[in-house]
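To start, the structure itself, in structure tokens.
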Amino acid sequence: MHNPNLTSSLNERDGIAQPDSISKQAIAHVTKLRKNQPSAEELVDGILAGNKTALSRAITLVESTNTAHLEKANTVIAQCLPHANKSVRIGITGVPGVGKSTFIEAFGKHLTGLGKKVAVLAVDPSSSLSHGSILGDKTRMEELVKDENAYIRPSASGDTLGGVARKTREAIILCEACGFDTIIIETVGVGQSETAVHSMVDFFLLLKISGAGDELQGIKRGIMEMADLIVINKADGDNIKKAGLAKTEFNRALHLFPAKQSGWQPKVTTCSSITHEGIAETWQTISEYFTLSKNNGFFNIRRSEQNSYWLTETINEQLKANFYSREDIAKLLEANKKAVQNSELSPFAAAAILLERYFADK
């Protein structure tokens with residue numbers, strides 16, 4: 001017979017109440033900071049003084065899609081521009097899993113050890129479903145993020161093709177104005193990112209791995225022609241021999257392509273981000289390229305071409321943003337979408353109608 005005075009093991013005893021997971025003081029502090037937004041002049045002063053907090057807030061401002069922030073962001077960019085263009089810009093790409101973050105951390109630590117100030121602009125892919133991004137590069141580069149001479153800024157790629165954040169170009173200018181002399185751009189991976197990255201950097205580094213069929217995948221004209229240096233990563237342990245064979249294969253492939261306008265012969269090297277073997281040699285090779293391109297004038301020619309390219313890209317971007325932000329266009333677009341889906345109107349005719357309405361009111 002059940003005795004009600006006995007405590008059953010199935011009964012739950014009163015426990016200790018869990019404390020609030022978020023401090024009320026912290027919430028109040030963050031709310032106050034958000035209300036007290038710094039002016040454009042304050043942000044510029046902070047950036048020129050080397051303040052990383054001001055730099056982060058300015059990048060957040062230029063990345064904002066809020067049209068109210070556009071004028072302020074343009075003011076910050078304009079005032080920082082005379083202090084930019086004093087760095088070298090290195091693009092790093094490679095398939096997911098090739099070890100980009102680990103390589104960049106080892107490479108970045110080597111550069112800060114040489115007295116360089118390194119900014120890493122890491123672009124994370126955005127989900128096509130939730131539109132969210134993990135932005136975990138600071139976690140993956142736990143040593144570099146603690147370095148006083150390094151700055152890591154993860155950004156979401158959003159709906160842009162090519163694995164480059166919408167405002168990466170502006171972020172480069174802000175980082176240069178903040179005193180960073182080496183800018184590294186890490187992309188989401190090989191795909192459509194090569195052209196976008198290539199158009200904003202001085203040196204293009206392609207990371208590869210051996211023993212995964214990567215040698216064959218790498219011998220593709222587009223990516224190979226863009227690469228100034230191919231680095232076979234994870235050349236350690238049992239992979240050392242495989243990495244050596246991959247290096248030979250890539251070297252053979254590179255000689256099949258025409259000479260670069262810069263006069264540089266692309267090279268292949270191996271490295272290990274774990275043991276740091278080959279990291280110093282990688283920087284030595286990059287330094288040789290900059291010496292050559294600056295001496296023969298190609299460095300400045302390339303920067304000039306990039307500025308022209310980004311002028312047209314910015315016009316395209318702003319036209320697109322303006323088009324989709326108009327309420328009348330949005331309503332007409334929805335109506336035309338339904339007509340296209342029901343095969344009542346061709347996509348080309350629908351586009352013509354929308355563009356005619358857009359330009360008619362200009």
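The values are calculated or read from the model by the stated rules, or taken from the named source; none is laboratory data. Because the structure is a prediction, the values reported are computed rather than measured. Cβ placement follows ideal geometry from the backbone for every residue including glycine, while neighbour counts extend to all protein chains displayed.
Key figures for this structure:
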| quantity | calculated |
| --- | --- |
| The range 343-362, residues that are exposed (fewer than 14 other Cβ atoms within 10 Å of the Cβ) and part of a loop (DSSP other than H, G, I, E, B) | S343, E344, S346, D361, K362 |
| Residue check, I47 assigned to a helix (DSSP H, G or I), in contact (Cβ under 8 Å) with a residue 24 or more places away in the chain, closer than 16 Å to Y151 by Cβ and of a type outside the set (S, T, Y) | yes |
| Residue in the range 295-310 that is over 29 Å from F103 (Cβ atoms), assigned to a helix (DSSP H, G or I), in contact with a Lys or Arg (Cβ under 7 Å, 6 or more places away or on another chain) and not aromatic (F, W, Y) present | no |
| Residues (assigned to a helix (DSSP H, G or I) and surrounded by 18 or more Cβ atoms within 10 Å (Cβ to Cβ)) located in the range 266-284 | I279, T282 |
| Residues within the range 324-359 that are within 29 Å of A68 (Cα to Cα), hydrophobic (A, V, I, L, M, F, W, C) and touching a Leu at 6+ places or on another chain (Cβ under 8 Å), tallied | 4 |
| Residue check, A259 closer than 19 Å to G97 by Cβ and modelled with pLDDT under 85 | no |
